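Values quoted throughout were computed directly from the atomic coordinates according to the rules given, and no laboratory measurement underlies them. Only a predicted model underlies this, so the values are computations on that prediction, with no experimental measurement involved. When we count neighbours, we look across all protein chains shown, and the Cβ atoms used for this are built from the backbone with ideal geometry, even at glycine.
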Amino acid sequence: MSAVLVAVALRWADPRVTAHPLTGTAPTAPYAAGAGPADRCALEHALRLAERLGGRCLAVTVGPAGAEEMLREALAAGADEALRVEGPDGDEAATAHSLLTGLASRGRTPDVVVCGDRSVDRGTGATPAHLAARLGWAQALGLVELSVGDVVPEGARLRAVRRLDGGRAEELQVPLPAVCSVEPGTVRPRRAPLATALAARRAEIPVVRVTAPEGAAVRAGRVRPYRPRAKVLPGPEGGTRQRLLALTGALAPPRTPPRVVTPDSPEEAAELLLAHLREHGAEA
């Protein structure tokens, strides 16, 4: 049986992106971009899972060549492999497609994928859910704890704790394969030793180029209202009282003057109601 493969999906982002005042572009500074707090915690969780399960840890990201610095930091911290994917990264669905296509190019699907619950570039945190939906795996999102749980005949299970509203928490038993996302601050990332940090500087980062799937582009049709516009009617004339009477139809013929009825029994009340309905054309 092959060793368990734990993949950590890291988001390369610049938390201080500013728009150029003349061109309107938002350039990313390579020296400032990198993994956010949630992604660093995800890396530490993935390293611990790989150690506990006796497997390997793969650090993967979707980004340009500047993202390799983040992957080298992951290798220095203890990751066994790294992979950079160049592909669509416009939204969470495109990012999930690029990640899965890049992982599939290695010839083996990971047993566990760990992600940060939200990236520092104001992401919605939907990428882990897209990964789980595309893979058909179990998912545990927004976790504050993640460790190896019980070992059953079907394989190992992960023990996860998810934060709930009102200061409560929910403990989960997550079967493998699974996609898990962790909140920032759940663990303290380890410090890379000097020897592995120097070796990571010389490591070669494999690159996989991914194209957008066919039919993924949105086709825009003719621009039109969501529903037909309301019929335009001329406004009423006169003062406020006349306008209100015209709009409510209080004086429009035929008008039945209101009356107060005091039936002596329920049967008489029912007869009066049925007579009123028949008089106004309703079926009894």
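Structural remarks
- Cα gyration tensor shape of the range 72-141, rounded if a/c is under 1.5, else prolate or oblate by comparing a/b with b/c: rounded
- The calculated FRET efficiency for the pair Ala195 and Ser105, based on their C-beta separation and a Förster distance of 30 Å, comes to about 0.50.
- Between Leu164 and Ala3, the contour length at 0.36 nm per residue exceeds the alpha carbon distance by 54.6 nm.
- In summary, the convex hull built on the alpha carbon positions of the range 38-181 has an orientation-averaged projected area of 8.8 nm².
- Taking a ≥ b ≥ c as the square roots of the eigenvalues of the alpha-carbon gyration tensor, the range 156-196 is classed oblate because a/c is 1.5 or more while a/b is no larger than b/c.
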